[in-house]
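Read through the structure below, which is laid out as structure tokens, and then see the notes.
The values are calculated or read from the model by the stated rules, or taken from the named source; none is laboratory data. This is a predicted model, so every value here is computed, not measured. In this analysis, Cβ positions are derived from the backbone assuming ideal geometry, glycine residues included, and neighbour counts consider all displayed protein chains. Areas reflect the complete protein model, heavy atoms only, side chains present, ligands, DNA and RNA absent. Shrake-Rupley method; radii C 1.70, N 1.55, O 1.52, S 1.80 Å.
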Amino acid sequence: MLQPLFAPEGDSVARVALPVPVDELFDYSIPPTLVDAVQPGCRVQVPFRDRRLVGIVVSLARDSKFAGRLHAIESAIDPEPVLSPEMMSILRDTAHDVLCPIGIALNSALPAGSAPRITKGFAITPRGREALRSGALRERDQPVLAALSDGPKSLVALRRLAGTGVTEALRELSNDGLAATAGIEQRPSARAATVRTARVADGIDVEAAAAGPLARAPAQAALLKRLAVAAETPTAELEQEFKNAGATLRALAGRGLVAIEQRAAPRNVLGTALEPPRSVTLSSDQAAALKPIVEAVRARRGQSFLLHGVTGSGKTEIYLRAVAEALAMGRQALVLVPEITLTHQILARLRGRFGDDMAVLHSGLRPGERLEQWQRLRVGSTPIAVGARSALFAPLENLGVIVVDEEHDGAYKNEEGFRYHARSLATRRAEAACCPLILGSATPSLEMRAAADRGEIERLVLAHRIGNRPLPAVEIVDLARERERAPRGRQIVLTRPLQKAIAQTLDDGGQTLLLLNRRGFSTQVMCFDCGHAWRCESCDITLVYHASDRRLRCHYCDYNIAPPERCGQCGAEDAALLGIGTQRLEEEVRSLFPGARIERLDRDTAQRRGFTEGVLRRIRSNDLDIVIGTQMIAKGHDFPGVRLVGVVLADIGLHLPDFRAAERTFQLLTQVAGRAGRDRAPGRVLIQCFDPDHYAIRPVKTHDYETFYAEELRHRAALGYPPFGKLVHAGISAEVEAAASAGADALADAVRAEPAGIELLGPAPSPLARLRGRYRYQLLVKSPNPAPLRRAAEALVAAAATLPSGVSATVDSNPMNML
């Protein structure tokens, strides 16, 4: 039961960051028994209001303005700090920039589930114990208090022990002061794997022991001599070799001859495929790009580099050489990729060069596996960390280089809670560690390219593919013209030019990638007579048909219905599947090319553990002919056998209400085009679209980043969007539309009260105006100057805190998603 715990502070006060939506530290007194254990960077368990929480000690102080009224820390969780002073400083600065409470930011940096969980339960009070002893209880209350007499229990445990009627009994017992809510400490959900081992105890002469105390215990003597052969042996192995090994080990341990211990046994998360080392001679472009990076590693200089190289130009080899240079200096390396699927390829390259001495961190691992990898890095047993966005929090204290591959990718932005961008956080880590940061991309983000043009970072260019192999030839197919030739109502999935190209590629023994950046079987079901499309009842989006369960499904709230037989608006039967999804595309391809080896790789199929890695391995080993996928097949992969890339509908996403829509379309098309022709055979790309002259599509034909960059800069400059200004986005939601609208107006009023120097856009309904049953509004604040924008952002946060119950708001100081 949580009771206020007041303790004398003396000179021992800890300032603790708690995972609550309040941007401040909380003072707690340190009991004398915990003075040595409580240190900055350690986790502690503390009382907070009517519950217990796990927080992180940020600093120690001699006194507090709340002297005499402080709660005491209840327990220390970590024997030594889990966050370094450097990491805490970086996280505090980043949390301030993105308007995130410090406790939420620090908590995000630690492996999920690694701390004890505090769950709600119930405990008996002193009055309750007296009532239990006296027997003055109602009949149904007695078994509940009896169950609580030996310690707090959860509601589930009480129902199991005390039978039915527990909820009503607890309500009455609480009202009578006989029971109260209490925090129950549960074991951490993330637990590292261990193995039980045995070894000869220190200082033991095995031969003397065998001839002396074990002379009449031959089984013990034999096992002791076996242990003398190896420094440490798993007990499971001994049980396979010796009869009754468990009892024999216990006897030896009782004599002090054997030590039995639990040792960490991290599971293998690196996979099985290992790319053999290959001798690589750098091109002149690569050598020129590598030179300043190596100089920065050796000089311990915190400098950022934009490695701008066309697809297939050898950026990964630059990464590997930079990592090797850092390791040669006795330092560590951190390599980030935007998608979990890309970790398989970069791991294979790193293992081929450096062996298995590395750790991998990403959300695809089980909690216990992530904890094991984190612990390996924390104790310094491996010098290389590889992973997605959250790997930035890896406990590496001697960094020599940081690599952010595909730096332009939107997956590097965390969209919930601690809304950091990995690129910004990596910059801070590199500066603090005095090491270079390499930001690599074939299609750099406009912000980074503009920063290079301003001289803020150094741009290194790889203008040609390795071996001067040509970039693939790109053909754009006008879908509008193709549809004019098709019968009314006929669905065009693969145009005739793309079908012919696939057939030719199959005949030549090459592989084909087909990109459709959309899941599902079909985009929508639409009536040809009246134009009615079926939409989600709770979210303002069209339902998607999934062939696997023959349902129309919402991709946001999972609302689903059976496909209608008639139009729900006009009653016509002439409804048709319009638009396509990856399942629909797969069906079409299988019907056209029945003898081809075909696989689909999207978010649905990738949820199966090991599936993605298996598909990527089969592509590289030429065991697949056609791969259908979403954007996860477009980025960074090196598939030597791919000769043809087909983009089924390039216009998807181009006209979204997001100022980055054109940039993302150009990047995606350029990236997926770069998967073709990476080996000796020339590559070919066919792009199906409705708007072939759009400035985001036309330059893809000639792989012309510079033309797109110049045009997009003009659009951004005219409207003051990044990189010419900065934005703050506020999103407001409520179950009642009027409440959401009123909340948006309140936040807008807070912005209008700020001095000049900012531009307010909105409030207005969000592009997805209803999501999971909640109405959504948004507003944007723009400014070329950071100071007034910061004041407006802080005003938004303050106003959001005053919104009535049921109305929620989020404020993002660096928005990447405008939907």
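Looking at the range 298-312, is at least one residue under 19 Å from residue 386 (Cβ atoms) and in contact with a Phe, Trp or Tyr (Cβ under 8 Å, 6 or more places away or on another chain)? No, the range 298-312 contains no residue that is under 19 Å from residue 386 (Cβ atoms) and in contact with a Phe, Trp or Tyr (Cβ under 8 Å, 6 or more places away or on another chain). Of the candidates 388, 328, the single residue that is closer than 30 Å to residue 659 by Cα and either of a type in the set (Gly, Ala, Ser) or more than 22 Å from the chain's Cα centre (by Cα) (or both) is 388. The criterion of at least 3 residues that are out of contact with any helix residue (DSSP H, G or I) (no Cβ under 7 Å at 6 or more places or on another chain) and open to solvent by 30 Å² or more (accessible area, probe 1.4 Å) is met, among strands (runs of 3 or more DSSP E) falling completely within the range 744-819, by 759-771. Show me the helices (runs of 4 or more DSSP H) found entirely inside the range 600-679 where at least 1 residues are free of Cβ contacts under 8 Å to residues at least 60 places away in the same chain and either out of contact with any strand residue (DSSP E or B) (no Cβ under 9 Å at 6 or more places or on another chain) or open to solvent by 20 Å² or more (accessible area, probe 1.4 Å) (or both). Once the helices (runs of 4 or more DSSP H) in the range 600-679 are filtered for at least 1 residues that are free of Cβ contacts under 8 Å to residues at least 60 places away in the same chain and either out of contact with any strand residue (DSSP E or B) (no Cβ under 9 Å at 6 or more places or on another chain) or open to solvent by 20 Å² or more (accessible area, probe 1.4 Å) (or both), what remains is 611-620, 661-673. Annotation note: Cβ proximity below 7 Å between a residue of the range 310-331 that is within 24 Å of residue 381 (Cβ to Cβ) and a residue that is polar (S, T, N, Q) (sequence gap 6+ or interchain) occurs for 326/332; 331/398. Against the conditions (1) more than 20 Å from the chain's Cα centre (by Cα); (2) in a loop (DSSP other than H, G, I, E, B), residue 129 satisfies every one except (2). Scanning the range 68-96 for residues that are more than 28 Å from residue 423 (Cα to Cα), part of a loop (DSSP other than H, G, I, E, B) and touching a residue at least 40 places away in the same chain (Cβ under 8 Å) yields a count of 7. Selection within the range 167-185: residues that are free of Cβ contacts under 8 Å to residues at least 60 places away in the same chain and closer than 30 Å to residue 115 by Cα. The member of this set that is surrounded by the fewest Cβ atoms within 10 Å (Cβ to Cβ) is 167.
Among the residues of the range 272-291, at least one is within 27 Å of residue 630 (Cβ to Cβ) and without any contact (Cβ under 8 Å) to a residue 24 or more places away in the chain.
Rundown of residues vs (1) at pLDDT 85 or above; (2) farther than 21 Å from residue 316 by Cβ, yes/no style:
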{"residue": "607", "(1), (2)": "no, yes"}
{"residue": "619", "(1), (2)": "yes, no"}
{"residue": "641", "(1), (2)": "yes, no"}
{"residue": "664", "(1), (2)": "yes, yes"}
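For the condition crowded, with 23+ Cβ neighbours inside 10 Å and over 29 Å from the mean Cα position of the chain (by Cα), residue 685 qualifies.
Comparison of 450, 422, 463 shows that the only residue that is under 24 Å from residue 287 (Cα atoms) and either surrounded by fewer than 21 Cβ atoms within 10 Å (Cβ to Cβ) or hydrophobic (A, V, I, L, M, F, W, C) (or both) is 463.
In this structure, does residue 99 turn out to be hydrophobic (A, V, I, L, M, F, W, C), open to solvent by 20 Å² or more (accessible area, probe 1.4 Å) and assigned to a loop (DSSP other than H, G, I, E, B)? The answer is yes for residue 99. Exactly one residue among 295, 275 is surrounded by fewer than 20 Cβ atoms within 10 Å (Cβ to Cβ) and either of a type in the set (Ser, Thr, Tyr) or at pLDDT below 95 (or both), and that residue is 275. Screening the candidates 738, 718 for the property of being under 30 Å from residue 801 (Cα atoms) and surrounded by fewer than 15 Cβ atoms within 10 Å (Cβ to Cβ) yields one hit, 738.
The helices (runs of 4 or more DSSP H) found wholly in the range 139-180 and carrying at least 1 residues that are on the phi < 0 side of the Ramachandran plot and among the hydroxyl-bearing types (Ser, Thr, Tyr) occupy 166-175. Residues in the range 405-419 that are open to solvent by 10 Å² or more (accessible area, probe 1.4 Å) and hydrophobic (A, V, I, L, M, F, W, C): 411 only.
The criterion of being crowded, with 21+ Cβ neighbours inside 10 Å and either modelled with pLDDT of 90 or more or closer than 18 Å to residue 25 by Cα (or both) holds for residue 54. Which members of the range 186-228 meet the condition of being part of a strand (DSSP E or B) and either open to solvent by less than 20 Å² (accessible area, probe 1.4 Å) or at pLDDT below 90 (or both)? If the condition is that a residue be part of a strand (DSSP E or B) and either open to solvent by less than 20 Å² (accessible area, probe 1.4 Å) or at pLDDT below 90 (or both), then 186, 194, 197, 198 are the ones that fit. Does residue 65 count as open to solvent by 20 Å² or more (accessible area, probe 1.4 Å), part of a strand (DSSP E or B) and out of contact with any helix residue (DSSP H, G or I) (no Cβ under 6 Å at 6 or more places or on another chain)? For residue 65, the condition - open to solvent by 20 Å² or more (accessible area, probe 1.4 Å), part of a strand (DSSP E or B) and out of contact with any helix residue (DSSP H, G or I) (no Cβ under 6 Å at 6 or more places or on another chain) - is not met.
Summed over the range 121-156, residues that are free of Cβ contacts under 8 Å to residues at least 40 places away in the same chain, surrounded by fewer than 19 Cβ atoms within 10 Å (Cβ to Cβ), in contact with a Gly (Cβ under 8 Å, 6 or more places away or on another chain) and within 24 Å of residue 50 (Cα to Cα) total 2.
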